[in-house]
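S.K.: First, the structure itself, so that you have it in front of you.
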Amino acid sequence: MATENKNLSQYDKNSIPNAKDFRFGIVVSAWNGHITDGLYQGALHTLLDCGVPPENIIKWEVPGSFELIYGAKRMMDQPVDCVITIGCVIKGETMHFEFVCEGVTQGIKDLNCMGQQPVIFCLLTDNNEQQSIDRSGGKHGNKGVEAAITAIHMAALRHRTSR
């Protein structure tokens, strides 16, 4: 397990670009809300901690993880520098898990290839609920924090490379 001995919430503010002028969109799945809310809170607090003003953060909620693709596409129409997608799919007894995970992964990849803003993939794809809890504020930290730090870096890249 890649994160077994690493807390995902640790970051060095000195190595992060200045984020005070960036705008972020966050699209959050309501499905497995007890997990996705923890991820959202981690992302939100990190953006604020890194100097992003609260008015520069837009949050939209969608019903499930598959809907993150459409939500992110629509969020890209807003004046944002980067979009963070937050969802959680927990493996069950059917193939539904594989189809949703693959579809969301490919959909977010496609948005990154076609869009002007980067789209950050914060989709937990765990085998059980405990693994998701451990990664949304539990013993492995919070992947939402990691997504926010990635978003800041990508927003800075977008600004550096804009024509």
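The values are calculated or read from the model by the stated rules, or taken from the named source; none is laboratory data. All figures in this text were calculated on a predicted structure; none of them were measured in a lab. Using ideal geometry, Cβ is built from the backbone for each residue, glycine included, and neighbour counts are taken over all protein chains shown. These accessible areas exclude ligands, DNA and RNA; they are computed on the full protein's heavy atoms, side chains included. Shrake-Rupley method; radii C 1.70, N 1.55, O 1.52, S 1.80 Å.
S.K.: So, in the stretch 18-36, exactly how many residues are buried (at least 17 other Cβ atoms within 10 Å of the Cβ) and of a type outside the set (F, W, Y)? Before the answer, list the steps.
M.R.: Step one: of the stretch 18-36, the residues buried (at least 17 other Cβ atoms within 10 Å of the Cβ) are 19, 22-29, 31-32, 35-36.
So of that shortlist, the ones also of a type outside the set (F, W, Y) come out as 19, 23, 25-29, 32, 35-36.
Of the residues in the stretch 18-36, 10 are buried (at least 17 other Cβ atoms within 10 Å of the Cβ) and of a type outside the set (F, W, Y).
S.K.: Tally up the residues in the stretch 86-102 that are open to solvent by 20 Å² or more (accessible area, probe 1.4 Å) and within 16 Å of the chain's Cα centre (by Cα), please.
M.R.: Residues in the stretch 86-102 being open to solvent by 20 Å² or more (accessible area, probe 1.4 Å) and within 16 Å of the chain's Cα centre (by Cα): 0 in total.
S.K.: Then there's this: Could you list all residues from the stretch 14-37 that are closer than 17 Å to G87 by Cβ and not hydroxyl-bearing (S, T, Y)? Outline the logic, then answer.
M.R.: First pass over the stretch 14-37, keeping only residues closer than 17 Å to G87 by Cβ: 24-37.
If the condition is that a residue be closer than 17 Å to G87 by Cβ and not hydroxyl-bearing (S, T, Y), then F24, G25, I26, V27, V28, A30, W31, N32, G33, H34, I35, D37 are the ones that fit.
S.K.: Any idea which of I120, I149 is of a type in the set (A, V, I, L, M), crowded, with 21+ Cβ neighbours inside 10 Å and in a helix (DSSP H, G or I)?
M.R.: I149
S.K.: Could you tell me which residue of the stretch 135-146 is nearest to the chain's Cα centre (by Cα), considering only residues that are buried (at least 19 other Cβ atoms within 10 Å of the Cβ) and not in a strand (DSSP E or B)? Show your work before the answer.
M.R.: Taking the stretch 135-146 as the starting set, the residues that turn out to be buried (at least 19 other Cβ atoms within 10 Å of the Cβ) are 135-137, 140-146.
Checking which are not in a strand (DSSP E or B) leaves us with 135, 140, 143-146.
On the way: R135: 13, H140: 16, K143: 8, G144: 6, V145: 8, E146: 8 Å.
Checked the stretch 135-146; the qualifying residue nearest to the chain's Cα centre (by Cα) is G144.
S.K.: I would also like to ask the following. Considering only residues of the stretch 37-54 that are among the hydrophobic types (A, V, I, L, M, F, W, C) and in contact with a strand residue (DSSP E or B) (Cβ under 7 Å, 6 or more places away or on another chain), which is surrounded by the most Cβ atoms within 10 Å (Cβ to Cβ)?
M.R.: L39
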